[in-house]
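Encoded as structure tokens, the structure appears first; notes follow it.
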Amino acid sequence: MSKLNIKVENLSLSFGKNEVLKNINFEANAGEIHCIIGPNGGGKTTFVKSLLGQTHHSGKITFEWSDKQGIVGYVPQMVNIDKTLPINVLDFIALCIQKRPAFLGVDKKFKKEVDEILEKLEMGGKSKYLFSELSGGERQRVLFAQALIPTPDLLILDEPMNSIDKNGAEIFSRIIADLKQNGATIIWIHHDLAQVQKVADKVSCINRKVVFSGEPKSVMDEANLLKIFSSRQGE
């Protein structure tokens, strides 16, 4: 596994006259879970899209790989697919992980890994189900599956446990812990503050700018948490 440290310096982004992010400074290190919290509309998703190279911004983002550039996995909040589109779970994963057309099926070099990941996520029995037939939680499991193939060195999670039941959350948490143990860099947008305090090595609160950042036990005190809720009320 190639280890990755990320350093963000003075990242700013505007859509027209609307300033979305202002002078963001941020670091994430290999083998750590760095959670991002903050109010809705505060720019969290836009920030991770900047890390993924999906937005135009000012400032500097540095990826320091220990070896050659590694694998990046990304789990969005949700994905909208036309309910009339006849695409099943395997087709969807094929679209995400390979270059050849999905109608040709999952490439043989990925097939064993795909089957293993779906089994880990307790979705092995639904590989031929249409994506549109799945529940919200099952769709999240499929989104998570595609981000794990091949095994990522950097995993970016945008509130992946939305619509996930308790069993699904436990499965997700176990897989994420294993990736961390193996040295992956994990950036996780999270809304559950109690869980953040349990799982995060570092936490950053973003509300257009960095409100606070550091180890959860040091920065997630009553005064700082009040800043989050007060900023929500002011939107």
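We did not get these values from a lab; they are worked out from the coordinates using the rules stated. Fair warning: this is a prediction, and the values are worked out from it, not measured in the lab. Using ideal geometry, Cβ is built from the backbone for each residue, glycine included, and neighbour counts are taken over all protein chains shown.
Say whether the condition of being surrounded by fewer than 21 Cβ atoms within 10 Å (Cβ to Cβ) and hydroxyl-bearing (Ser, Thr, Tyr) is met by at least one residue in region 183-198. No - not one qualifying residue is present in region 183-198. Within region 157-166, at least one residue is free of Cβ contacts under 8 Å to residues at least 60 places away in the same chain and assigned to a helix (DSSP H, G or I). Just one of the numbered conditions (1) more than 15 Å from the chain's Cα centre (by Cα); (2) within 23 Å of Leu85 (Cβ to Cβ) is not true of Glu170: (2). The residues of region 59-73 that are farther than 12 Å from Met1 by Cβ and surrounded by 14 or more Cβ atoms within 10 Å (Cβ to Cβ), listed by number, are Gly59, Ile61, Phe63, Val72, Gly73. Among the residues of region 100-131, those identified as outside any helix (DSSP H, G or I) and free of Cβ contacts under 8 Å to residues at least 24 places away in the same chain are Arg100, Pro101, Gly105, Val106, Asp107. Within region 56-85, the set of residues being under 20 Å from the mean Cα position of the chain (by Cα), more than 19 Å from Ser12 (Cβ to Cβ) and of a type in the set (A, V, I, L, M) comprises Ile71, Val72, Val75, Met78, Val79, Ile81.
In region 138-180, the qualifying residues are those that are of a type in the set (D, E, K, R) and more than 23 Å from Ile6 (Cα to Cα), and the one that is surrounded by the fewest Cβ atoms within 10 Å (Cβ to Cβ) is Lys166. Scan region 203-217 and give yes if some residue there is among the basic types (Lys, Arg), over 26 Å from Lys68 (Cβ atoms) and in a loop (DSSP other than H, G, I, E, B), otherwise no. Checked against the condition, which is being among the basic types (Lys, Arg), over 26 Å from Lys68 (Cβ atoms) and in a loop (DSSP other than H, G, I, E, B), region 203-217 yields at least one hit.
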